[in-house]
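The values are calculated or read from the model by the stated rules, or taken from the named source; none is laboratory data. This is a predicted model, so every value here is computed, not measured. Here the Cβ positions follow ideal geometry from the backbone for every residue, glycine too, while neighbour counts run over all protein chains shown. When the accessible area is computed, the model is the full protein with side chains, heavy atoms only, and any ligands, DNA or RNA have been set aside. Shrake-Rupley method; radii C 1.70, N 1.55, O 1.52, S 1.80 Å.
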Amino acid sequence: MKRLDLFGLLKKDMNFIEEELYRSIDSKEPLINDTSLHLLKAGGKRLRPVFVLLGGKFGEYDLNKLKRIAVPLELIHSASLVHDDVIDDAEMRRGQPTVKSKWDNRVAMYTGDYIYARALSMVAELPSPDIHRVLSKALVQMSIGEMEQIRDFFNVDQSVRNYLLRIRRKTALLIAVSCQLGAMAAGARGKINSLLYSFGYNAGMAFQIQDDLLDLCGTEKKLGKPPGSDMRQGNITLPVIYALKQPELRDDLLAEIGRIQDGDGQGDARKAVDMIKKSEGIAKAEILADRYIKKALKALDLLPDVKTKKTLRDIAHFVTRRSY
């Protein structure tokens, strides 16, 4: 299911947002320009801008206002990926060399900082303290989530609760505020804003769980990186946590994860991936992702009956069925 097939309703507006993304990072400094362009050209699902535009459909839809939310949120997401790649020592993302591997860690960090700054300068053009307040709180929580991920590298004793709190901060919040801020920028009422936040939050939780499942069950061709990359980087995800709870698997799986860690994250993860795929971890994670999607759809049902609801419903189903 391709992005433009799924979001065909917004094709023209998303093309406009894509152009604005490239315009927003234009710099007279050649190196910053090259690194920022490299990041954007790697592509992505552009889910956050799509959610902003769909949220705007519940109010007075004005693309010129909404771009000041849609573009910055995608830039913030992109900047976080650049920083993630430095922390994770990742060589590839979406089948392309990362900024840190093509240049170096210092260049990557300053590229991320530059993109963050460009995002905030665009948001500042909207004279709404409420929008600024929502976004700043989300950014604080995202930063905490990043620190929690570093703290929990190769932590095989972390709980499901810790994992869920981390992905809430790292992923779900930004998707939630994308829906919410799109509606706020369009002047939608408070109840609509909160329901869209709830939809985005639950869809975002399901999205990240599915992302973690794909890292184990997907193919290198579709993922743009080898399966098990999260584990090699020290990220112990939900299917792994569940698998580690099986007494008959725990010792052997711990041994494999230990070998990966001893190899500075460069160890062969294939045995560990095979063990997890045969465990109950995959099915249990899928069940939890499905629960979050049901919560998202429940919030969606309470929203006004506009054409946009069908697109949001399609997205919810796409999240748990996607293969990339």
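Taking the criterion of being more than 29 Å from Gln246 (Cβ to Cβ), modelled with pLDDT under 95 and not in a strand (DSSP E or B), would at least one residue in segment 146-166 satisfy it?
There is at least one residue in segment 146-166 that is more than 29 Å from Gln246 (Cβ to Cβ), modelled with pLDDT under 95 and not in a strand (DSSP E or B).
Restricting attention to segment 233-253, which residues are part of a helix (DSSP H, G or I) and open to solvent by 50 Å² or more (accessible area, probe 1.4 Å)?
Pro247, Glu248, Arg250, Asp251, Asp252
Any residue in segment 295-324 that is of a type in the set (Ser, Thr, Tyr) sitting within a Cβ distance under 8 Å of a residue that is open to solvent by 50 Å² or more (accessible area, probe 1.4 Å) and modelled with pLDDT of 90 or more? List the pairs, counting only those 6 or more apart or interchain.
Thr308/Lys57; Thr320/Glu286; Thr320/Asp290
Scan (1) open to solvent by less than 60 Å² (accessible area, probe 1.4 Å); (2) under 30 Å from Val240 (Cβ atoms); (3) aliphatic (A, V, I, L, M) for the single condition Val140 breaks and write down its number.
Of (1) open to solvent by less than 60 Å² (accessible area, probe 1.4 Å); (2) under 30 Å from Val240 (Cβ atoms); (3) aliphatic (A, V, I, L, M), only one is false for Val140: (1).
Return only the number of the condition from (1) open to solvent by less than 40 Å² (accessible area, probe 1.4 Å); (2) more than 18 Å from the chain's Cα centre (by Cα) that Gln149 does not satisfy.
Every listed condition holds for Gln149 apart from (2).
Got at least one residue in segment 217-225 being open to solvent by less than 10 Å² (accessible area, probe 1.4 Å) and among the hydrophobic types (A, V, I, L, M, F, W, C)?
no
Scan (1) surrounded by fewer than 17 Cβ atoms within 10 Å (Cβ to Cβ); (2) touching a strand residue (DSSP E or B) at 6+ places or on another chain (Cβ under 7 Å) for the single condition Arg106 breaks and write down its number.
It is condition (2) that Arg106 fails.
Hey, any hits in segment 272-282 for a residue that's under 24 Å from the mean Cα position of the chain (by Cα), under 23 Å from Gln208 (Cβ atoms) and of a type in the set (Lys, Arg)?
Looking through segment 272-282, at least one residue is under 24 Å from the mean Cα position of the chain (by Cα), under 23 Å from Gln208 (Cβ atoms) and of a type in the set (Lys, Arg).
Please specify each residue of segment 289-308 satisfying the condition of being modelled with pLDDT of 90 or more, part of a helix (DSSP H, G or I) and open to solvent by less than 20 Å² (accessible area, probe 1.4 Å).
Residues satisfying the conditions are Ala289, Ile293, Ala296, Ala299, Leu300.
In the set Pro129, Pro72, which member is out of contact with any helix residue (DSSP H, G or I) (no Cβ under 9 Å at 6 or more places or on another chain) and modelled with pLDDT of 90 or more?
Step by step, each of Pro129, Pro72 is checked, and only Pro129 is out of contact with any helix residue (DSSP H, G or I) (no Cβ under 9 Å at 6 or more places or on another chain) and modelled with pLDDT of 90 or more.
Tally time: how many residues in segment 9-33 are outside any loop (DSSP other than H, G, I, E, B) and either touching a residue at least 40 places away in the same chain (Cβ under 8 Å) or under 21 Å from Asp62 (Cβ atoms) (or both)?
Within segment 9-33, residues that are outside any loop (DSSP other than H, G, I, E, B) and either touching a residue at least 40 places away in the same chain (Cβ under 8 Å) or under 21 Å from Asp62 (Cβ atoms) (or both) number 17.
Can you give me the number of residues within segment 91-126 that are more than 17 Å from Leu40 (Cα to Cα), assigned to a loop (DSSP other than H, G, I, E, B) and touching a helix residue (DSSP H, G or I) at 6+ places or on another chain (Cβ under 7 Å)?
2
Go through segment 152-181 and count every residue that is of a type in the set (Val, Ile, Thr) and under 17 Å from the mean Cα position of the chain (by Cα).
4
Open to solvent by 40 Å² or more (accessible area, probe 1.4 Å), more than 27 Å from Gly95 (Cβ to Cβ) and modelled with pLDDT of 95 or more - does that describe any residue in segment 271-283?
yes
I'd like to verify a number: residues in segment 34-77 that are within 17 Å of Glu19 (Cβ to Cβ), in a loop (DSSP other than H, G, I, E, B) and basic (Lys, Arg), how many?
The total comes to 1.
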